Structures are given as structure tokens and as C-alpha cells.
1. Work out the P(r) tail for the range 150-194: percent of alpha carbon pairs separated by more than 17 Å, whole number.
2. Mind giving me the FRET efficiency for E551 and S225? R0 is 45 Å, r the Cβ-Cβ distance, nearest 0.05 is fine.
3. In a shell of Cβ-Cβ distance under 12 Å around R214, excluding R214 itself, what net charge do Lys and Arg (+1) and Asp and Glu (-1) give?
4. Suppose we keep just the DSSP beta bridges with both residues in the chain; what percent of those would be antiparallel, to 5?
5. With a ≥ b ≥ c the root eigenvalues of the C-alpha gyration tensor of the range 9-308, is it rounded (a/c under 1.5), prolate (a/b larger than b/c) or oblate?
6. Sort the range 381-484 into rounded, prolate or oblate with this rule: let a ≥ b ≥ c be the square roots of the eigenvalues of the Cα gyration tensor; rounded if a/c is under 1.5, and if a/c is not under 1.5, prolate when a/b is larger than b/c, oblate otherwise.
7. Rounded if a/c is under 1.5, else prolate if a/b is larger than b/c, else oblate: which is the range 430-547, with a ≥ b ≥ c the root eigenvalues of its Cα gyration tensor?
8. Compute for the chain: radius of gyration divided by Kirkwood radius, i.e. Rg/Rh, restricted to C-alpha atoms, rounded to two decimals.
Amino acid sequence: MSSRTTTSLYHMIWTHYRLPFLKVILLNLVNAAVSVGIIAYINHTFISQPVFDTLSLLSLGYFSALITLLLVTTFLSQYALTRLGHQFVYELRTKLVKQIIDTKVPQIDHLGSARLIASLSSDIQSITTAFVRMPELVQGVILSAGVALYLGWLSLPLLFIIMFWIVMTIWISTILVKHVYTHLIELRAINDFLYQDYQSIIEGRKELALNQYRAEQLYSDEFLSHTKSYQKTVIKSDTFHLSAVNWSNIMMFASIGVVFAVSNYLNIPMGVATTFSLTILFMQSPILHAVGAYPTLQTAQVALDKIQSLELADYQAEFMTDRVAKDWNSISLTDVGYRYGGINMKTQELAGDVNNADDILKSVNLTVRRGDVVFLIGANGSGKSTLAKIITGIFTPTTGSVQVDQGIVDSENNADYRQLFSAIFSDQHLFKQLIGNQGNQPDEALISDWLQKLNLQDKVSVSDHQLSTDKLSQGQRKRLAMLLSVAEQKDILLLDEWAADQDPAFRRVFYQTLIPELKALGKTLFIISHDDSYFEHADRLLLMKEGRLIELNAEERQRASTDAIAMLQ
């Protein structure tokens, strides 16, 4: 996992985008120079000299050329920075998604989908907004520096006084903006709760429809509470932000009065005072936009901190797949134990195994040989689903080891090891795109054949390797998942209570017809099932009891086939 240490947005830009950012700075320097040139030209041509004596078509032509040049340099500098910003956001978004893909499943379960979706949506959007506003900040700072040099050349004492006034104005604005930042952090935390509420409302829609008391409790006690907190906090944040902007705006106007008052006191020429005043009016918009853009950068920093706090896997551009040996003979678990430790109880619920003890698996030993048809039975909370995730490499054992033949499965080759498996878990996500062996196009004849075997030919069609629909019953969706798994042509197929969602007729088809068909395809089958009427179709029958694995002998298998429930007690 990545370190908890967070990186600032500015440091990240400087570290990874130094050269393009320097180019942007150079363009803004050119833009600032043109802006200062226009101010100097106005001062020299229209203020310092008698206007009607010096005004000519030539001087207007020069002025028009400078304005055109300012338009071009402003556009180029803003475009360059905007393009750089969106490139940064693009790379951040794509890296974040790849990190989520590469992060271990227990950590993803621990984070929860609401928190991840919040980062992928609102956090990324906050960073995007910041980069849209960043040209205003960069241009405001650079233009202010360039204009200050010119004004200092006209009158250094007047410049110092005006700089003191502006610095004081910005300092007080910064104090107000700090309050904005504090409330932004609160808002981001409330956002996580809101996304959890949205998830509960959408995913629990059937349960809420059946229980209006629960719906009212969720809406009134949780959602409205979080929404009210968001409303109060965002009002405070916006109030401080508006106060900072209004303070800056009014004090910039007031500085014009300061210019003329100081000029009169120091006997500074009226032309210089007028140039200062016009320059302040010219600079008012860039400075105010810069002050207004700063909170968005703070919001982006909060969002970036939130993304980094997810502790996702380090970014790797490539996908490490299909390097594992295909000519394997056995997979062995030796003294495997598993405990959730710091992972919260929600993860255990997602795994299907909730025990009072932390140890979900205890010294499990198992060898699965190529071509085996293995059935696993066990009570709820016994550790079946956890064992399934250990075998497939989704979970890493806390103790003990997993081996393919004589090779240990470790962090270096775990991703490759997982490519041996197709699996249909109880909470299976159904993709609509079919993928063949090693990511190639699926075998169309195989797909057509299995659409018939799964009795889906009248429900679903496949066009361009895409399912026409997935809006089917739960049992039929599980059959679609089987179709996808068969198309992948993996060596091992793991099924977690797959037949439980099938009607009695098709359940019989599964055990009596599909299992032999799958075995004929060369698949090794690991099936979690409690259909004791069909245990005869298993080569081996395993029992999981309180985290320990037992292989049943012939006599025990006969008892289990008669009454599996009695075996679970």
C-alpha cells in the first residue's frame, strides 16, 4: 500500500510537469511584458504628452498592435496552462482507476464503494475546477510582479506605499480564506456521508419500498442531517469567500484615493499618479480573479489529500497477467490461516463470513488436483467464502502458504496466479462484454453452444461479443455469468452457491449435464453447494466447520448426501 504521507498539489505539478509548467510561466512572462508595455505606451503617449498634439493614426496603429499582441499572448498563456491542467487531471483520473484495479480486494471492501465513487467524481471534479481557475492565479501573480517593476521605475516611494496597502489587503483576505479552507475539509468529510446515503437509497430501494418507517428514518435522521450539515458548512465557507473577494474589491478602489493623497503629500507629478490609478484599475480584475481562484486550489488540495488517504496500490502502468505456468498439476494450501485484523466487520459481511473470533480460517490444508470436481459445504460464517477467496488469490493468507505444484504464490506472482481462475461469487458483477482466452476474441461456436446449454438462446443474443441484455432474473443472470466464464477458457472455475438461484429443473441440468460438460472442457471445478441430492457428482466432498477444513470419507459422504444439514451442526 502507498504511504499515508500526502503530497501537495504544487509539489506534484513541479515534480512531474516541471518543463511544461516552466513553458507556461514563460508565456505568462511574455504576456505580462506586453501588458506592462501597453501601460507604458498609454503613459508615454496619452498621459505624459498633450494628447491632441501627439495623437496620430500611427500611434493608434501601435496601440492596436499592442492590444492584438496582448490578446494573442493572453490566449496562448491561458490555453497552455489549461491544457497542462487537464492533462494532469486526465493522468490523475486514469492512474486512480488503475490503482483501484490493482489494490487488494480486502482494502477495497474496507474503503467501501461510496468513498471510492466520491473520490472518482467529486474529488476529481474539484481538481479539474482548480486547474480551470489556475490561469487566473498564475497570470495575476506574474502580471502583478511585472507591473510593480514598471511602477517602481516611475515612483519607488509611491510603489512601496501602494504595495503595503495591497499586501495588507491580501493578508486580511488570506485570513478569511483560511476559514474557507477549514470549512472545505468539513465539507469533504460530509460528502462521504452523503454518498453513503445515496448508495443506501439506491441499492436498498426494494427494502425501503417495503418499510416506510425505515425509509423515513434513513431520510429524516441520516440524509437530512447530513444535508443540513452540508448546507450550514457551505454557507459559512461561501460567506468567508465572498467576504475575502469583497474586501479585496473595495480596498483596491480605495487604493486609488490613497495614490492621489500620497502624490499630493509627496509632490509626485499628476501624470505619474494618473498612471498609477489607471494601472490599479487595470490590475483590479486580475488580482481579484487570483484571490477568487485561490480557494479552488485549496479545495483541490483537500480533494488530493482525500485521494491519497485511500492508501491504494502504487501505480503500475502494465497489467501483470497470464505468466503463470499453464501445465500445473496441483494447487496446495498448507497450514493456511486468515484473520481480518484491522479490516472492519463490513468486509467480513461482504465475504459472507461473520465470526465472533478474528480467525476466520485455522490451519487449513488442502490439495486440489487438475481435473478435480470438489464440493464444499459449511454453515454460514464457517469460512467457506473466505476459503474461496484464498484459493483464487483474491485474499492473501495471514499464515501458511499457497503453492502451485512446488512454487510458492507470493506478492510477486499473485496477480499471475489469479489468472488461472474464473469465479462466480454470490455477489457477482455481470459484465456485458465477452472476452476469450488470454483477452482474445471469444470462440463464437463455443458461445453459441453454451447459450443453448444454459437455455438462454431465447433471452439473450450476442453481437460483436456483447450481450444484448442483462435485465433478467437472478438465476438467469447467474447463467450469463457462467457463459462469460466459459468464454474465458480458464483452467479452474469456482462457483459460490451458483445453483441456489436456479429453479429445480435447471438445478438438475447443472449437476447432471453441465458439470460433466465443464469437466470435458478440461476444467477443474470448486463448487460451494448444499444440494445434498447431487453430492454424488463430486469427486471430493469437503466440510468447513468453524474455520477448519475436513475432507469427508465415503461413510461421511453417504451421511451428508442423506442429510447435509445434520453434518453442519
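Read-outs throughout are calculated quantities, based only on the coordinates presented, and are distinct from any laboratory measurement. Quick caveat: nothing in here was measured; it's all calculated off a predicted structure. Here Cβ is always computed from backbone atoms with ideal geometry, including for glycine, and neighbour counts include all displayed protein chains.
1. Details: 556 of 990 pairs.
In whole percent, the share of Cα-Cα pairs in the range 150-194 beyond 17 Å is 56.
2. Here the calculated transfer efficiency is 0.30.
3. Net local charge, R214 excluded: -2.
4. 55
5. prolate
6. prolate
7. Because a/c hits 1.5 or more and a/b exceeds b/c, the range 430-547 counts as prolate.
8. On the way: Rg = 34.0 Å, Rh = 29.3 Å.
Expressed as Rg/Rh, it is 1.16.
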